[in-house]
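Written below as structure tokens is the structure these notes are about.
The values are calculated or read from the model by the stated rules, or taken from the named source; none is laboratory data. Since we're looking at a predicted model, the values are computed, not measured. Positions of Cβ are generated from backbone atoms using ideal geometry, with glycine treated the same way; all protein chains shown enter the neighbour counts.
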Amino acid sequence: MRVYLHALGCKLNQSEIVALARTFHALGHIIVDKAREADWCIVNTCTVTHIAARKSRQLIRRLRRENPNTHIAVTGCYAEISPQELEALNGVDLIVGNADKERLPKILEEMFPLLERSVSPSRPWRPSRTRAFVKIQDGCDNRCTYCVVTLARGPQRSRSADQILAEISQRVAEGYKEIVLTGVHIGAYGRDLRPTTNAALGHSSSGLRDLIERILAQTDTQRLRLSSIEPWDFDESLLTLWQNPRLCRHLHLPLQSGCDATLRRMGRHYSVEEYVRKVLLAREAIPDVAITTDIIVGFPGETEAEFATTMNFVQSIGFARIHVFKYSPRPGTPAAKMPDQVSPQVKEDRCRAMHILAQRAQSAFTKRFFGRTFPVLWETRSRGFQWKGLTDHYVRVYTTTEKDLHNTIAEARLLNTYGDGAWAAIV
Ligand code: 5AD
């Protein structure tokens, strides 16, 4: 059976689609990189905003157009929250909820035994080997009022540390140079694994800290990166971890809003003052750290004054990168029923204003490093000999060379602004 796999949305979705590809491959199926070659297309969908849901539908329609004969199986958060919308698409052969996602290859084989018999010997499959997204937990026990992911993925479940360590060691042996720890709420990692000491653990991030310590001590990964970590989970107890230079100097601390009243309506557990304290803490302990964030504009009740407060606050922080989201009412979430929903036009205007600020902040952060040399993990080549890579502090770096840099960590001197990052010379 020839299988094409595609994930939309977050790093967690990407880690899951690669895990599914590995399972299909291990079962003897062939992974193809074009839908038109596939007997089955597997889609891991997203529904974090209505735009993500729309993209999920568009992708399915495109796959169907590219290959009218293929079968399509859909899983992920959109499939979990809105299966009836997928059924209405008239091109979906199988819908699998998040709870059964990992078993999807087995489910397919059981439902379609004839397909299984047509299996030909498996062709070697080599995913691009630079950065591996490793899932450490799923689900979230918070109830941010805008968030549908907690509904789509359920309560927190942590993977065992032994399993995670084994997976990372395997990825390192396969040649991956960077491991990115992913999940819905990684700061809560382990709180569900030790129920007897849960009270003592309280809301501490000691589970995550212990896990990172073990990964650094017991695996040879050259780089370890954290994905999004909630501001309230980032505390003093984590800071000493960055004494190890293999831990990337990058913190994604989703702020969502820079106005306390908006944060309260969002159900976020911090004030802007507390957020600043975390940022200062990080900057003191981790020189050159990149602090990146997510901002939602146009949350219900966000007045001009509240938005201005957020703009000023965001500007004052000096983020390395900002992902801007227009608030999107999601089914089943409290915020969708809140009064004073913001008009689409106002959301659009605020989004544009925040984008401009985001671009300036990103460029200012990059400029600080011109003239200095950093190790860059080189990932992809385009336009002939132009290479693109990433510093540990999340600056996108470009250079040209005829040498094959793919999946190497090579020192480069950052020279000037280029696209969304910096142009550099290999040293
Ligand atoms: N509308 C807009 N943005 C949202 N996000 C989550 N839910 C919504 C929503 N309903 C954004 C948050 C989060 C990121 C992954 O997606 O900023 O951090």
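Is there a residue being under 20 Å from residue 15 (Cα atoms), at pLDDT 95 or above and within 16 Å of the ligand (Cβ to nearest atom) anywhere in the range 103-113?
Looking through the range 103-113, none of the residues is under 20 Å from residue 15 (Cα atoms), at pLDDT 95 or above and within 16 Å of the ligand (Cβ to nearest atom).
Tell me the residue from 35, 21 that is more than 16 Å from the ligand (Cβ to nearest atom), over 26 Å from residue 136 (Cα atoms) and touching a strand residue (DSSP E or B) at 6+ places or on another chain (Cβ under 6 Å), please.
Details: 21 fails: over 26 Å from residue 136 (Cα atoms).
Only one candidate passes the filter, namely 35.
Would you pick out the residues in the range 359-370 that are part of a helix (DSSP H, G or I) and in contact (Cβ under 8 Å) with a residue 60 or more places away in the chain?
Within the range 359-370, the subset part of a helix (DSSP H, G or I) is 359-367.
Listed by number, the list holds a single entry, 365.
Hey, can you tell me all the residues within the range 209-232 that are out of contact with any Leu (no Cβ under 7 Å at 6 or more places or on another chain) and more than 24 Å from residue 375 (Cα to Cα)?
210, 211, 230, 232 - these are the residues of the range 209-232 that are out of contact with any Leu (no Cβ under 7 Å at 6 or more places or on another chain) and more than 24 Å from residue 375 (Cα to Cα).
Residue by residue through the range 80-94, note down the ones that are surrounded by 14 or more Cβ atoms within 10 Å (Cβ to Cβ) and farther than 20 Å from residue 332 by Cα.
Just the residues of the range 80-94 that are surrounded by 14 or more Cβ atoms within 10 Å (Cβ to Cβ), to begin with: 80-83, 85-86, 89, 91-94.
Scanning the range 80-94 gives 89, 91, 92, 93, 94.
Could you say which residue among 340, 349 is charged (D, E, K, R) and over 28 Å from residue 77 (Cα atoms)?
Criteria check complete, one pass: 349.
Give the residues of the range 305-331 that are among the aliphatic types (A, V, I, L, M) and within 26 Å of residue 420 (Cα to Cα), sorted by residue number.
If we filter the range 305-331 for residues that are among the aliphatic types (A, V, I, L, M), which is where we start, we get 305, 308, 311, 314, 317, 320, 322, 324.
Across the range 305-331, the qualifying residues are 308, 311, 314, 317, 320, 322, 324.
With the requirement that a residue be hydroxyl-bearing (Ser, Thr, Tyr), in a strand (DSSP E or B) and within 22 Å of residue 246 (Cβ to Cβ), what does the range 371-423 give you?
373, 391 - these are the residues of the range 371-423 that are hydroxyl-bearing (Ser, Thr, Tyr), in a strand (DSSP E or B) and within 22 Å of residue 246 (Cβ to Cβ).
Looking only at the range 322-343, how many residues end up being touching a strand residue (DSSP E or B) at 6+ places or on another chain (Cβ under 8 Å) and either hydrophobic (A, V, I, L, M, F, W, C) or away from the ligand (no atom under 13 Å from the Cβ) (or both)? Spell out the reasoning first.
Just the residues of the range 322-343 that are touching a strand residue (DSSP E or B) at 6+ places or on another chain (Cβ under 8 Å), to begin with: 322-327.
Okay, now just the ones that are also either hydrophobic (A, V, I, L, M, F, W, C) or away from the ligand (no atom under 13 Å from the Cβ) (or both), so 322, 324-325.
So the count comes out to 3.
Give just the number: which of (1) at pLDDT 95 or above; (2) in a helix (DSSP H, G or I) does residue 197 not satisfy?
Failing condition for residue 197: (1).
Restricting to the range 288-333, what's the tally of residues that are in contact with a Phe, Trp or Tyr (Cβ under 9 Å, 6 or more places away or on another chain) and not hydrophobic (A, V, I, L, M, F, W, C)?
So the count comes out to 15.
Listed here are the residues, each with its yes/no results for (1) within 22 Å of the chain's Cα centre (by Cα); (2) within 22 Å of residue 421 (Cα to Cα); (3) β-branched (Val, Ile, Thr).
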residue: 240; (1), (2), (3): no, no, yes
residue: 257; (1), (2), (3): yes, no, no
residue: 272; (1), (2), (3): no, no, yes
residue: 293; (1), (2), (3): yes, yes, yes
residue: 339; (1), (2), (3): no, no, no
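Across the range 327-358, what is the number of residues that are in contact (Cβ under 8 Å) with a residue 24 or more places away in the chain, more than 17 Å from residue 150 (Cα to Cα) and out of contact with any Pro (no Cβ under 9 Å at 6 or more places or on another chain)?
Here the count works out to 9.
Would you please name the residue that is modelled with the lowest pLDDT, looking only at residues in the range 267-300 that are touching a helix residue (DSSP H, G or I) at 6+ places or on another chain (Cβ under 7 Å) and within 16 Å of residue 143 (Cβ to Cβ)?
Top of the filtered list is 269.
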